[in-house]
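Novice: Here it is: the structure, laid out below.
No lab work stands behind these numbers, since they all come straight from the coordinates. Quick caveat, the model's predicted, so the values are computed rather than measured. Reconstructed Cβ throughout: ideal geometry from the backbone, glycine too, with neighbour counts over all protein chains shown.
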Amino acid sequence: MKTILNALLALCLAAAALPSLAALNVFACEPEWGALAKEIGGERLSIYTATTALQDPHRIEARPSLIARARSADLMICTGSDLEVGWLPLLFTQSGNAKIRPGSPGYFEASQFVAKIEIPKVIDRSMGDIHPGGNPHIHLDPRNISKIAEALGDRLAQIDPAGAQAYKTGAAAFLERWQAAIARWEKEGVRLKGVPVVVYHRDMSYFIAWSGMREAGSLEPKPGIPATPSHLADLVERMKREPAKVIVYSAYNSPKAAEFLAERSGIPKAMLPFTVGGSEKASDLFGLFDDTINRLLATLK
């Protein structure tokens, strides 16, 4: 018995001496950043994603479970540009984790590494839910993902020097695959150029700009303001004069306004995944763009 106990004790001590498989705890505010971190860091990272594709990232409750996860994080990856302004500040104050506060290496704000669009010249709350720093939905331009991936690889190496080579290798492998995918998407998406589209919210702006589509209307009368009967009636009349080719809404949106306009205008509608997990095929960043483009092209047929 003593021999068995000694053997078990030796095994426990050996296991304790081994390094943890995951070197860093990563808190990703949105699914796209959790997916990107996984591409670069692989098993060196334990990744927790705070939101899902079925949640509006503007309107998240700072639940105790999120605070607890933030408390143990080594790195927090968020979009920034006020996307999480309604809930992220509470996580900073309540978690007490100085490592992830803005300005520290443990806080990575993705939007700071790309050029933002739709920066308002005037800030007026009567204009709806506008973002002073520009449109924060940066991940739907695949070129932005490239820039952010490179910066994220560098930041991971800074926080975890022991894994620097692994992150460099992971980022390089991802970017090689990503650039090849962008070239393929550009060819597949040629038919999207110039296509007028009605959006639900301004969350597709980067994709529209990259693909060459044209926004022909919005189901929201103002950003963040739910569709009203009068606005939808006006939109129906506008579509009679200048019809769009497709009405799109994201996985986290209610389909009712899109259905209303589609039924009265005869314009087809399409649900788009918006982020990783928004559809069965959008299981990673590559699937997100594959499925978005395929759904649009299928609707246009």
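Novice: Could you tell me whether the stretch 54-118 comes out rounded, prolate or oblate from its Cα gyration tensor? Rule is a ≥ b ≥ c as square roots of the eigenvalues, rounded for a/c under 1.5, then prolate if a/b exceeds b/c, otherwise oblate. If you can, show how the numbers build up before the last one.
Specialist: On the way: a/c = 2.30, a/b = 1.25, b/c = 1.85.
Since a/c reaches 1.5 but b/c is at least a/b, the shape of the stretch 54-118 is classed as oblate.
Novice: Quick one: which residues, 5 or more positions from TYR107 or on another chain, have an amide H under 5 Å from its amide H? H modelled 1.01 Å from N in the peptide plane, none for Pro or chain starts.
Specialist: MET76
Novice: So what's the net charge close to ALA98: Lys and Arg +1, Asp and Glu -1, counting the other residues with Cβ under 14 Å from its Cβ? Let's see the in-between values first.
Specialist: Values: positive: ARG71, LYS99, ARG101; negative: ASP74.
Summing Lys/Arg as +1 and Asp/Glu as -1 gives +2.
Novice: Which net charge results for the neighbourhood of ARG184, defined as the other residues with beta-carbon distances under 15 angstrom from its beta-carbon, given Lys and Arg at +1 and Asp and Glu at -1?
Specialist: On the way: positive: ARG143, ARG177, LYS187, ARG191; negative: GLU176, GLU186, GLU188, ASP290, ASP291.
Local charge sum for ARG184: -1.
Novice: Using a 10 Å Cβ count of at most 12 others and DSSP loop calls, identify the longest part of the chain lacking such GluC sites (Glu not before Pro).
Specialist: On the way: sites that count: GLU61, GLU280.
By the stated rule (loop sites, at most 12 other Cβ atoms within 10 Å), 62-279.
Novice: Another one. Under 5 Å between amide H atoms, partner at least 5 residues away or on a different chain: which partners does GLU215 have, H built in plane at 1.01 Å?
Specialist: Those lying under 5 Å, H to H, from GLU215 are VAL197.
Novice: Enumerate the calculated ³J(HN,Hα) couplings along the stretch 37-52 in order (Karplus 6.51 cos²θ - 1.76 cosθ + 1.60, θ = phi - 60°), each rounded to whole Hz, writing x wherever the residue is Gly or Pro.
Specialist: Those phi angles translate into 4, 5, 4, 8, x, x, 6, 6, 10, 9, 10, 10, 9, 6, 10, 10 Hz.
Novice: May I ask which residue of PRO132, GLY278, PRO243 lies farthest towards the positive end of the charge dipole of the chain, with charges of +1 (Lys, Arg) and -1 (Asp, Glu) on Cβ and the Cα centre as origin?
Specialist: Highest projection toward the positive end goes to PRO243.
Novice: I'd like the Karplus ³J(HN,Hα) series for the stretch 103-108: coefficients 6.51, -1.76, 1.60, θ = phi - 60°, whole numbers in Hz, and an x wherever there's a Gly or Pro.
Specialist: Each residue of the stretch 103-108 in turn: x, 9, x, x, 10, 10 Hz.
Novice: Something else: Taking θ as phi - 60°, what are the ³J(HN,Hα) couplings along the stretch 79-92 by the Karplus curve (6.51, -1.76, 1.60), each to the nearest whole Hz, with x for Gly and Pro?
Specialist: In residue order, the calculated couplings are 6, x, 6, 6, 4, 9, 4, x, 9, 5, x, 5, 5, 4 Hz.
Novice: Could you work out how far helix 285-300 tilts from the main Cα principal axis of the chain, as a 0 to 90 degree angle to the nearest 10?
Specialist: 20
Novice: Convex hull volume of the Cα atoms in the stretch 188-300, per residue, in Å³? Let's see the in-between values first.
Specialist: Details: hull volume 10.5 nm³, N = 113.
Residue-normalised Cα hull volume stands at 93 Å³.
Novice: Among MET76, MET239, what is the fewest-to-most ranking by other Cβ atoms within 10 Å? Write down the numbers at each step before the final one.
Specialist: Working: MET76 29, MET239 21.
So the ranking, lowest neighbour count to highest, is MET239, MET76.
Novice: What number of lysine-lysine pairs in the stretch 188-300 show an alpha-carbon separation below 24 angstrom, given a sequence spacing of 8 or more or placement on distinct chains?
Specialist: Close lysine pairs found across the stretch 188-300: 16.
Novice: Could you tell me which of TRP87, ALA98, LEU288 has its Cα farthest along the dipole of the chain towards the positive end, charges placed at Cβ (Lys, Arg +1; Asp, Glu -1), taken about the Cα centre?
Specialist: Going by the Cα projections, it comes out as LEU288.
Novice: Now a separate question. Would you tally the net charge around PHE174, using a Cβ to Cβ cut-off of less than 12 Å, leaving PHE174 out, and scoring K and R as +1, D and E as -1? Mind dumping the intermediate values first?
Specialist: Numbers: positive: LYS38, LYS168, ARG177; negative: GLU39, GLU150, GLU176, ASP284.
Local net charge: -1.
Novice: If you don't mind, another one. What's the magnitude of the charge dipole for the chain around its Cα centre, counting Lys and Arg as +1 and Asp and Glu as -1 at the beta-carbon? Answer in Debye, nearest 20. It would help to have the intermediate numbers written out before the result.
Specialist: On the way: 34 positive and 32 negative charges, 41 e Å.
The dipole of the chain has a size of about 200 debye.
Novice: Would you kindly state how much longer the chain becomes between LYS187 and THR93 on full extension, computed as 0.36 nm times their sequence separation minus their alpha carbon distance, in nm to one decimal?
Specialist: Numbers: separation 94, 0.36 × 94 = 33.84 nm, distance 4.67 nm.
Length difference between fully extended and current span is 29.2 nm.
Novice: Collect residues whose amide H, placed 1.01 Å from N in the peptide plane, falls under 5 Å from the amide H of LEU272; neighbours closer than 5 in sequence don't count.
Specialist: TYR249, SER250, ALA251
Novice: Continuing with the same structure: Only four residue types carry charge here, +1 at the Cβ of Lys and Arg and -1 at the Cβ of Asp and Glu. Report the dipole size of the stretch 20-184 about the Cα centre in Debye, rounded to the nearest 20.
Specialist: Working: 17 positive and 18 negative charges, 44 e Å.
Rounded to the nearest 20 debye, it is 220 debye.
Novice: Can you tell which of ALA233, GLN55, ALA22 lies farthest toward the positive end of the dipole of the chain, using +1 and -1 charges on the Cβ of basic and acidic side chains (Lys, Arg; Asp, Glu)?
Specialist: It is ALA233, whose Cα lies furthest towards the positive end.
Novice: Hey, another quick one. Evaluate the relative contact order of the chain (contact order divided by residue number), counting alpha-carbon pairs under 8 angstrom at least 6 apart; express in whole percent.
Specialist: On the way: 508 pairs, mean separation 46.1, N = 301.
Reported as a whole number, the value is 15 percent.
Novice: Then there is this: Which value, in debye to the nearest 20, gives the size of the charge dipole of the stretch 211-301 about its Cα centre, when Lys and Arg are +1 and Asp and Glu are -1 at the Cβ?
Specialist: On the way: 12 positive and 11 negative charges, 64 e Å.
Dipole about the Cα centre, nearest 20: 300 debye.
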